[in-house]
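Working notes, beginning with the structure itself.
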Amino acid sequence: MAKPDNSLSFAGSKLFQLSIYKKYGKLLDGLKQPNLDDFVLESTLFTLKNKEPNLLLVHFTDLDTQKHIYGTKSENATKAILRHEERLKRIFETASNLGYKIVILGDHGSLDVHSAISINSYLKEQKLLDYVYFKSCDGSAYIYLRREVPIGIKDKIYHSIEDFNKQSKGTIEKIFLRSDYEKLGFDKKAFLMLEPSSGYCFTEKILKII
């Protein structure tokens, strides 16, 4: 049987978690999938049947894991979708018989990428990291000002990103200004928001320029 993760003991009743682990811990292989979601499924069904919670939130990560490792269109991802379907079917059968209402949510989409864009490397090369810091959200990214700076510095930052995009042959699909946040809903504290072109994502790592 896999060794339990001690950090989970802070997530709720220790006695209840221990009883769940004793019943279904043999399904686990560390945090590997699909074992982890199989354990979560059995724990969910047991909780519904025996504890009758007012609200139960369940997070499955099997599909997300397979997509991250093997790609969104991989055979592994397809198999994970089928496993996910079976898990949901079992939850629906149990929950509906007990009179529960069910809501299904997805936390994000996913796209395959072949290259990561290191804006920080370019900003360092341009000696601009004293003025800004870069925050990657993988499929988008923010550039924040470290402090208020003159308009000339702001223009230099913006034009440097434009120059980077030209030099990298269009790896950035769109550069959004702070004024765009009202219609798009991104962080209004950001100076710029960047959207990568298809096949690219952002990394915060500063790579060595050869």
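The table below gives the values:
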{"item": "Of Leu15, Leu63, Leu192, the one that fluctuates the most in a GNM where the chain has Cα springs shorter than 10 Å", "result": "Leu15"}
{"item": "Correct choice for Cα extents along the principal axes in Å that was computed from the model, options (i) 57, 36, 29; (ii) 54, 40, 29; (iii) 65, 35, 33", "result": "(iii)"}
{"item": "Spatial extent of region 74-171: Rg and Dmax, with the Cα atoms as the point set, Å", "result": "22.5, 66"}
{"item": "Candidates Leu98, Leu123, Leu194: whichever shows maximal mean-square fluctuation once the chain is modelled as a Gaussian network with Cα springs under 10 Å", "result": "Leu98"}
{"item": "Region 6-97 - percent relative contact order, Cα under 8 Å, separation 6 or more", "result": "21"}
{"item": "Alpha-carbon gyration tensor eigenvalues x 5, square-rooted, for region 6-97, Å", "result": "24, 17, 10"}
{"item": "Degrees between helix 35-51 axis and first principal axis of the chain (Cα, 0 to 90, nearest 10)", "result": "50"}
{"item": "At most 11 other Cβ within 10 Å, DSSP loop - trypsin sites (Lys or Arg not before Pro), region 113-173", "result": "Lys127, Arg146, Arg147, Lys169"}
{"item": "Region 167-210, relative contact order [Cα under 8 Å, separation at least 6], %", "result": "41"}
{"item": "Karplus-derived 3J(HN,Hα), 6.51/-1.76/1.60, for each residue of region 74-83, Hz, glycine and proline x", "result": "6, 4, 4, 5, 4, 5, 5, 4, 5, 5"}
{"item": "Long-range amide H partners of Leu192 with built H, under 5 Å", "result": "Ile143"}
{"item": "Gaussian network model of the chain, springs between alpha carbon atoms under 10 Å - residue of Ser198, Ser19, Ser136 with greatest fluctuation", "result": "Ser19"}
{"item": "Spatial separation of Cα centroids for region 159-210 and region 101-122, in angstrom", "result": "15"}
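Each value in this text was obtained by applying a stated rule to the coordinates, not by laboratory testing. Everything numeric here is computed off the predicted structure, so don't read it as measured data. Glycine gets a Cβ as well: all are built from the backbone with ideal geometry, and neighbour counts include every protein chain shown.
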